[in-house]
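Beneath this line is the structure, given in structure tokens, with notes to follow.
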Amino acid sequence: VEVIQTRVELFQREHCFDDILARAVGTLKQIVHSSQHLICATGQWLCMKGRYPEQELKDISWPVENVVLSVPHLQEERHLIIIKAKDVIE
């Protein structure tokens, strides 16, 4: 593991990422926009959200999957929103 302290928009890497995980970073659109230069053409964003982000999903035109999460000892809603990069990069 290598820790790098910088804004994602400024981060450059020789190789792309298969997966980008985000939690409490911004809207789905902001996450995709700021990190799409880092994702592989067949990659995906894994975005952790509390309540189902119905409004945010209206801004996403790429393939999306929602996985409802169950967190032990937590009664709150939790979702994993998976956005496929397929149509973003090609």
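The values are calculated or read from the model by the stated rules, or taken from the named source; none is laboratory data. Worth saying up front: this structure is predicted, and the values here are computed from it rather than measured. Cβ atoms come from the backbone with ideal geometry, glycine included; neighbour counts cover every protein chain shown. Areas reflect the complete protein model, heavy atoms only, side chains present, ligands, DNA and RNA absent. Shrake-Rupley method; radii C 1.70, N 1.55, O 1.52, S 1.80 Å.
Per residue, the chain exposes 75 Å² of accessible surface when a 1.4 Å probe is rolled over the protein heavy atoms with every protein chain present.
Taking the Cα centre of the chain as the origin and placing charges on Cβ (Lys, Arg +1; Asp, Glu -1), which of 22, 72, 37 is farthest toward the positive end of the dipole? The residue sitting most towards the positive pole is 72.
Under 5 Å between amide hydrogens, built in the peptide plane, is the criterion, and for residue 39 it picks out 17 among residues at least 5 positions away or on other chains. Phi angles of region 26-31 translate, via the Karplus equation with coefficients 6.51, -1.76, 1.60 and θ = phi - 60°, into HN-Hα couplings of x, 6, 4, 4, 5, 4 Hz per residue; Gly and Pro are given as x. Using only Cα atoms, what Kirkwood radius does the chain have, in angstroms? 13.9 Å is the Kirkwood radius here. In units of the rule-of-thumb radius 2.2 N^0.38 Å, region 29-73 shows an alpha carbon radius of gyration of 1.30. Of the accessible area of the chain, computed with a 1.4 Å probe over protein heavy atoms only, carbon and sulfur atoms account for 49 percent. Rounded to 0.05, the FRET efficiency of the residue 64 and residue 7 pair, given R0 = 35 Å and the Cβ-Cβ distance, is 0.90.
Over the chain, dividing the summed -39,500 (n - 2.57) contributions of all DSSP H runs of at least 4 residues by the number of residues returns a 222 nm mean residue ellipticity of -3500 deg cm²/dmol. For region 45-50, putting each phi into the Karplus relation 6.51 cos²θ - 1.76 cosθ + 1.60 with θ = phi - 60° gives couplings of 9, 10, 10, 7, 9, x Hz, in residue order, rounded to whole numbers and with x for Gly and Pro. Taking a ≥ b ≥ c as the square roots of the Cα gyration tensor eigenvalues, region 11-55 comes out prolate, since a/c reaches at least 1.5 and a/b is larger than b/c.
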